[in-house]
Each structure stands twice: as C-alpha cells, then as structure tokens.
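All remarks here apply to the structure that follows.
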Amino acid sequence: MKIIESPLPGWAWDLIEAVERGERKPDLVRLIDWRTRRNAKYDRWIRQAKAGDFNGTHPEIAVHAIESWENRKASRNLSSSGRAYRDWWRPSGTITVTAGTEVLDQRMVLLHEIAHLLTPMLSQHDLAWRRVAARLYSKYGGPEVVAWAIEHERKPLLINLLRRQHPDLAAPF
C-alpha cells in the first residue's frame with residue numbers, strides 16, 4: 001500500500017506504477033512525500049517593495065530589487081531535488097521530492113530516486129546505480145528526459161554514460 005503525504009501529480013503516480021510493473025518490483029515506492037518549492041522570503045520582499053513599504057527606498061531601486069528578486073525566485077524554483085530513504089527510521093521505499101517548476105526535471109529527479117531504491121544499499125552514485133538510472137531515464141522517461149538529464153544532471157559519469165547510449169541526444173537541450 002502506498003502512502004502519499006501530499007498531492008502527487010497524476011503523471012508521477014503513473015510513472016511510479018509503470019516502473020514498478022516494468023521492473024517487477026511491486027510496492028517499490030511505499031511512501032512518497034511530494035513538496036513544491038516555496039521561497040517565502042522573496043514573496044515577502046516583493047510584496048513589501050510593491051506596496052512601497054520598504055523604509056524609504058528610492059522607487060527606481062525598488063523596481064530593480066523587485067525584478068532581481070523575481071528572477072532569483074524563478075531560477076531557484078526551476079530545479080527539483082529528491083531523496084530516497086532505506087534507513088531504519090523511515091519505511092523502506094520512501095521518496096521525498098521537492099518539485100521545481102520544470103516537469104522534465106521533476107520526472108528526472110523521481111527516476112533518479114527510484115534508481116536508488118533499485119540498487120544495493122551502499123551504492124550511492126557508483127557504476128551499478130548509474131547503469132540503473134540511465135536505463136530508467138531511457139525506458140520510462142523517454143528521449144525528452146534523457147536530453148534533459150544530459151543537460152542538467154549533476155553526475156558527470158552518468159552524463160557520459162547517457163551520451164554514449166544516446167549520441168543523437170548529446171547536443172545541448
């Protein structure tokens with residue numbers, strides 16, 4: 001039985017089920033906590049500056065500050081992050097995703113964390129994990145996720161593996 005601690009997009013639910021079916025691992029993901037990025041400080045600063053409640057700041061400076069904060073908020077919200085847990089204090093098969101605004105990034109992060117659940121406990125981002133992650137990206141994420149991963153994944157050895165497997169997608173996204 002899956003436990004969902006927060007609203008999960010329908011495509012994420014479908015993706016988890018497809019991976020569990022395709023990998024023959026029912027109930028691989030047992031608990032999922034799906035969060036969205038919140039940058040309350042930027043929201044507060046923007047709201048204060050727009051209301052003119054910024055301690056006598058010159059209007060041109062406030063306009064520049066608002067633009068800067070909106071850009072920072074947008075760039076910080078773009079990327080997603082996640083964590084897979086197989087520890088003694090959490091149920092095995094627990095995934096936490098903090099979702100950014102880009103759906104391809106959300107899909108990549110979800111598959112990244114599922115790859116951790118499919119590899120041995122001590123393998124972090126070693127060769128076994130990279131092979132599983134590359135297979136999941138290709139099989140369940142499709143060419144869009146593979147291209148996104150080549151451009152945005154933070155694991156250089158995984159990127160090299162994906163480039164070798166998908167030379168047609170190795171061009172910048």
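Observations on the structure shown:
- Distant-in-sequence amide contacts of residue 125, defined by a placed amide H-H separation under 5 Å and a gap of 5 or more residues or a different chain, comprise nothing.
- For segment 26-33, Karplus couplings with θ = phi - 60° (6.51, -1.76, 1.60), whole Hz, Gly/Pro x: x, 6, 4, 9, 9, 9, 10, 10
- Size descriptor, Kirkwood hydrodynamic radius, that averages inverse alpha-carbon separations across segment 91-144, Å: 11.6
- Sorted ascending by nearby beta carbons within 10 Å, beginning with the fewest, 144, 67, 153 become 67, 144, 153.
- Amide H contacts under 5 Å for residue 94, placed H, 5+ residues apart: 30, 31, 85
- Counted by neighbouring Cβ atoms within 10 Å, the residues 137, 85 run from fewest to most as 85, 137.
- Amide H contacts of residue 82: 98, each under 5 Å away and 5 or more positions distant or on a separate chain (H built 1.01 Å from N in the peptide plane; Pro and chain starts excluded).
Only the coordinates and a few stated rules stand behind these numbers; no lab work does. Everything quoted here is computed from the prediction, not taken from an experiment. Please note: Cβ atoms are built from the backbone with ideal geometry, for glycine as well, and neighbour counts cover all protein chains shown.
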